[in-house]
Amino acid sequence: MPSGSGVRFLGITDGQTSGAAIIEDGRLLSAINEERIARIKMARGFPWKSISEVLGLSNTDPKDIGAVAVAQVDMELRETVSGWPGWFEARAQDADMHSAFFKIASRFGGVAPFIPGLSKAYYLARFPMYAHRRRRIRQILDQNYGIAAPVRFIDHHYAHATSAYYTSNLENALVVTMDGGGDGHCSQIYSVKRGQFRRLAMIDSYNSLGNYYAYITAICGFKAKRHEGKITGLAARGRPVYRELLESMIGCKKGRLINRGRVLFNTAVDRIRAALPAGWKMEDLAASVQVLSEDITRDYVRHWVRRTGHRDVALAGGLFANVRINEEVHLLPGVENTFVHPGMSDEGLAVGAGLALQGEMDRSTGEVREPRELEHVYLGNSYSESEMAEAIRKAGLQATHLPGRIEEEIAEKLSQGKVVARFNGRMEYGPRALGNRSILYQPGDPTVNDWLNELLRRTEFMPFAPSSLFESAGQLYESYEGAEDTARFMTITFHCTPWMRERCAGVVHVDQTARPQMVRREDNPSYYRIIDEYRRRTGVPVIINTSFNIHEEPIVRSPDDAIRAFLDSALDYMAMGDFLIEGPVGSYATRKKWEGRSKWGRATDSPTSR
Ligand SMILES: [Fe+2]
């Protein structure tokens, strides 16, 4: 293991939403996921291009990499990058050994805990494939990138845990990871004090709450382990009438998750389907799994908060992509500060693995690193003005160059009710667009979720998210104290104040919550200025921010991606760097169709933000 300051670590994840990151002295220098480069949502497989990209973005010579951290110890290697079609679809498509093992697990999963050695035999049989991956990755790094540094494989949940702790600005914390499963576990619990990790619990993947959420996602007709956000959005419109049914299958007792149904995968889906009454409603099933997941997670975290006496919690793992669960954790008695890693699902494992190695080096040298807040997540590609100008010219578009006043112009357009796509600076790391690859609109229009989703060809049940000035939080949200840091990354919901509910109807869900990005000037001066200029014009320190992508495509990365998405979705304007481009079609016709009606169940009086 290398030691000393200035050592650079390369973190890699090669599973679902694969990617890479470079870390130096505990700071993230660059991070990107393969999906953005391959232009395939949640792309899985070896992150060939991400590795080259993060080296280039951080000006790192491959020879200067001190060590490489690869997330996940046991997994098959996929050398070809491909899309993530959904959990069940992926298994159905795979005609390899993996699928056979999946069927065995599905068939015998229910009895596995009662037959000694069965789980062990299952993993032993897969071991040669795992060993091949570890050998081959070392070979690829050496032969394809000239990286001869030591390579370490980091436990999946430990990588989630380190991603949460080392970006949290918390000195001592209860670190909780929860997801579907990885390296045999669906959750781990750590007590961390000044960088010293003490693991208190590990929950076998067999008892995964995340998997139950995925089963419900599939039963509702969506892609499991991909579209869980739709279930979270739908939940607010239903009643949790099947909560008890689901609780008979998955629960929590004394700080442990328990698969009471003793079923896995397809068998679990079949069992739940059979137990549902005829004519069951999707909204009610969504509400049931959401409410139960909130209750179980609350019980689980509460147990470990009481056991450890920690007041601060740091969270990561796919379950914490559920922004409503995160709010419930934050509201637990005894919890003061809550932080959710911005790349909370497996897209964050490269960062976590790299930070795990950094932590190990620090401990070996006796260095105690002071907690430090995550400065920002603008860790991806940026493009020069001439590159943007060239892309605009190539596309045959007319642009107005507005150096020094593009932000005012965007705010003016927003206050006139126009939709503006914003492409500026470095691309965000993680699942959220935070102002540099975002589509912006005023927040007061209650029909926006209908027509803008139609323009972007999305099916969403969660309203668009607000970006608001950091200083305005008290006017807009309730009980946000202690979660301000994580709210910079849009990772948690808050209940909204009456003022917010009245003035920003387009971003408040039917359960009265919103999932804000609280923007500080120093985090993104240009974006802050747009919101501030909008506030000056309208008195509302909030704008809508939804990711700049269309349909099921990843968020745009390059000027060419942006122009294609802009033209394809008929938005009013695009502000690329200092260039303002008017869309040839605009959003007027689609909006007109929705005037006076909303399937979102809101009053559709005229926008109140002006
Ligand atoms: Fe995970």
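Table: residues versus (1) in contact with a Cys (Cβ under 9 Å, 6 or more places away or on another chain); (2) β-branched (V, I, T); (3) buried (at least 22 other Cβ atoms within 10 Å of the Cβ).
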position	(1), (2), (3)
P403	no, no, no
I406	no, yes, yes
S415	no, no, no
V420	no, yes, yes
F423	no, no, yes
R426	no, no, no
Y429	no, no, yes
A433	no, no, yes
S438	no, no, yes
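Rundown of residues vs (1) closer than 13 Å to L434 by Cα; (2) of a type in the set (A, V, I, L, M); (3) under 20 Å from the mean Cα position of the chain (by Cα), yes/no style:
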position: C504; (1), (2), (3): no, no, no
position: V510; (1), (2), (3): no, yes, no
position: P516; (1), (2), (3): yes, no, yes
position: P525; (1), (2), (3): yes, no, no
position: V540; (1), (2), (3): no, yes, no
position: I543; (1), (2), (3): yes, yes, no
position: I550; (1), (2), (3): no, yes, yes
position: V556; (1), (2), (3): yes, yes, yes
position: P559; (1), (2), (3): no, no, no
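Please name all residue pairs, on different chains or six or more residues apart, with Cβ atoms under 7 Å, provided the first residue is in the range 168-184 and is within 18 Å of R198 (Cβ to Cβ) and open to solvent by less than 10 Å² (accessible area, probe 1.4 Å) and the second residue is within 12 Å of the ligand (Cβ to nearest atom) and in a loop (DSSP other than H, G, I, E, B).
Taking only residues 6 or more apart or on different chains, the pairs are T177/G317.
Kindly check whether there is at least one residue in the range 108-131 that is within 30 Å of the chain's Cα centre (by Cα), under 29 Å from G354 (Cα atoms), at pLDDT below 95 and open to solvent by 70 Å² or more (accessible area, probe 1.4 Å).
yes
Condition first: in a strand (DSSP E or B) and either out of contact with any Phe, Trp or Tyr (no Cβ under 6 Å at 6 or more places or on another chain) or of a type in the set (G, A, S) (or both). Now tell me which residues in the range 1-25 satisfy that. Don't jump to the end; show me each part of the working.
So the first thing to find is which residues in the range 1-25 are in a strand (DSSP E or B), and the list is 8-13, 19-24.
Answer for the range 1-25, where residues must be in a strand (DSSP E or B) and either out of contact with any Phe, Trp or Tyr (no Cβ under 6 Å at 6 or more places or on another chain) or of a type in the set (G, A, S) (or both): R8, F9, L10, G11, I12, T13, G19, A20, A21, I22, E24.
Got a number for residues in the range 12-63 being open to solvent by 40 Å² or more (accessible area, probe 1.4 Å) and closer than 26 Å to K225 by Cα?
Summing the residues that are open to solvent by 40 Å² or more (accessible area, probe 1.4 Å) and closer than 26 Å to K225 by Cα in the range 12-63 gives 6.
Inside the range 493-576, counting only helices (runs of 4 or more DSSP H) that do not spill past its ends, which hold 1 or more residues that are within 16 Å of E412 (Cα to Cα)? Explain how you work it out, then say what you get.
Details: elements: 498-503, 525-538, 559-569.
Per the criteria, 525-538.
Those residues that are within 13 Å of the ligand (Cβ to nearest atom), closer than 30 Å to E375 by Cβ and in contact with a strand residue (DSSP E or B) (Cβ under 7 Å, 6 or more places away or on another chain), I need them from the range 177-209; list them, please.
Once the filter is applied, which keeps residues that are within 13 Å of the ligand (Cβ to nearest atom), closer than 30 Å to E375 by Cβ and in contact with a strand residue (DSSP E or B) (Cβ under 7 Å, 6 or more places away or on another chain), the range 177-209 yields T177, M178, D179, S187, Q188.
Yes/no matrix, rows are residues, columns are (1) farther than 21 Å from V329 by Cβ; (2) open to solvent by 60 Å² or more (accessible area, probe 1.4 Å); (3) of a type in the set (D, E, K, R):
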| residue | (1), (2), (3) |
| --- | --- |
| I219 | yes, no, no |
| G229 | no, no, no |
| L257 | no, no, no |
| A274 | yes, yes, no |
| G279 | yes, yes, no |
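Residue check: is R363 basic (K, R), open to solvent by 60 Å² or more (accessible area, probe 1.4 Å), more than 28 Å from the chain's Cα centre (by Cα) and within 21 Å of S558 (Cβ to Cβ)? Can you show your working first?
Values: basic (K, R): yes; open to solvent by 60 Å² or more (accessible area, probe 1.4 Å): yes; more than 28 Å from the chain's Cα centre (by Cα): yes; within 21 Å of S558 (Cβ to Cβ): no.
Answer is no for this residue.
Restricting the first residue to the range 18-39 and requiring it to be on the phi < 0 side of the Ramachandran plot and of a type in the set (S, T, N, Q), which pairs with a second residue that is at pLDDT 95 or above and part of a strand (DSSP E or B) meet a Cβ separation below 7 Å and a spacing of at least six or different chains?
Listed pairs, sorted by first residue: S18/N33; S18/R44; S30/A21; S30/I22; N33/G19.
(1) among the β-branched types (V, I, T); (2) under 18 Å from G233 (Cα atoms); (3) buried (at least 21 other Cβ atoms within 10 Å of the Cβ): which one isn't true of T459, the others all being true?
(3)
Mind checking which residues of the range 327-378 are within 16 Å of the ligand (Cβ to nearest atom), hydrophobic (A, V, I, L, M, F, W, C) and in a helix (DSSP H, G or I)?
Of everything in the range 327-378, those that are within 16 Å of the ligand (Cβ to nearest atom), hydrophobic (A, V, I, L, M, F, W, C) and in a helix (DSSP H, G or I) turn out to be L349, A350, V351, A353, L355, A356.
The values are calculated or read from the model by the stated rules, or taken from the named source; none is laboratory data. Because the structure is a prediction, the values reported are computed rather than measured. All Cβ positions, glycine included, derive from the backbone under ideal geometry; neighbour counts span all protein chains shown. Just so you know, the surface numbers come from the protein's heavy atoms only, side chains and all, with ligands and any DNA or RNA stripped out. Shrake-Rupley method; radii C 1.70, N 1.55, O 1.52, S 1.80 Å.
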